[in-house]
Structures are given as structure tokens and as C-alpha cells.
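In what follows, a single structure is set out as C-alpha cells and then discussed.
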Amino acid sequence: NGYSLISRVQNFERQYGVTIPAIALTAYAGLEERAIALNAGFRSHLTKPVDLAELTRSIAHLIKDRD
């Protein structure tokens, strides 16, 4: 699942000193689910069905934050 994945990504980040931003893409739209995803390490939380413009903005924001 996504939480196992983000945990592995975070371990990789710590081990290799890199940053890999991740977006949680989920059907769970509640505020609690959003908070859980962000606290788990996802940088953004989007719900399905995803609006392409919103996804594009989220990706652009993550790229901008890396620079």
C-alpha cells in the first residue's frame, strides 16, 4: 500500500541523502485521511478522480520546492 511505499521511500532518502517528493493519490477524501497521508510523509494529497490541472499544479509545486 501507499503507506508502506512512503516508508520505504523515506528510508531510501535517509540512507542516500536524497529527497523524493511523493503525492498521495487516493479515493479517501476526508480531512483525517489527508492528515494521515501528510503525516506519513507524502508532500501532497489528491483524491480520485484527479483533476489533471490540479495534478499538474501539485507536480509543479513539488518541483519548485526542490529547487
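The values are calculated or read from the model by the stated rules, or taken from the named source; none is laboratory data. On a predicted model such as this, the values are computed, not experimentally measured, just so you know. Backbone-built Cβ (ideal geometry, glycine too); neighbour counts: all protein chains shown. Just the protein is used for accessible areas: all its heavy atoms, side chains included, with ligands, DNA and RNA removed. Shrake-Rupley method; radii C 1.70, N 1.55, O 1.52, S 1.80 Å.
Could you list all residues from segment 1-24 that are in contact with a strand residue (DSSP E or B) (Cβ under 7 Å, 6 or more places away or on another chain) and at pLDDT below 95?
Matches in segment 1-24: Gly2 only.
Tell me, yes or no, whether segment 13-27 has at least one residue that is over 20 Å from Asn1 (Cβ atoms) and hydroxyl-bearing (Ser, Thr, Tyr).
Yes, the conditions are met somewhere in segment 13-27.
Just to be sure before I move on: is Leu46 in a strand (DSSP E or B) and open to solvent by 50 Å² or more (accessible area, probe 1.4 Å) in the structure I sent?
no
Contact list please: Cβ distance under 9 Å, first residue in segment 26-46 and on the phi > 0 side of the Ramachandran plot, second residue outside any helix (DSSP H, G or I) and hydrophobic (A, V, I, L, M, F, W, C), pairs at least six apart or on different chains.
Close Cβ pairs satisfying both conditions: Gly41/Ala22.
Out of Asp65, Asp51, I need the residue that is loosely packed, with under 13 Cβ neighbours inside 10 Å, touching a residue at least 24 places away in the same chain (Cβ under 8 Å) and not basic (Lys, Arg). Which one?
Asp65
Would you check if there is a residue in segment 17-34 being open to solvent by 60 Å² or more (accessible area, probe 1.4 Å), polar (S, T, N, Q) and part of a helix (DSSP H, G or I)?
Within segment 17-34 (the criterion being open to solvent by 60 Å² or more (accessible area, probe 1.4 Å), polar (S, T, N, Q) and part of a helix (DSSP H, G or I)), the answer is no, since none of the residues qualifies.
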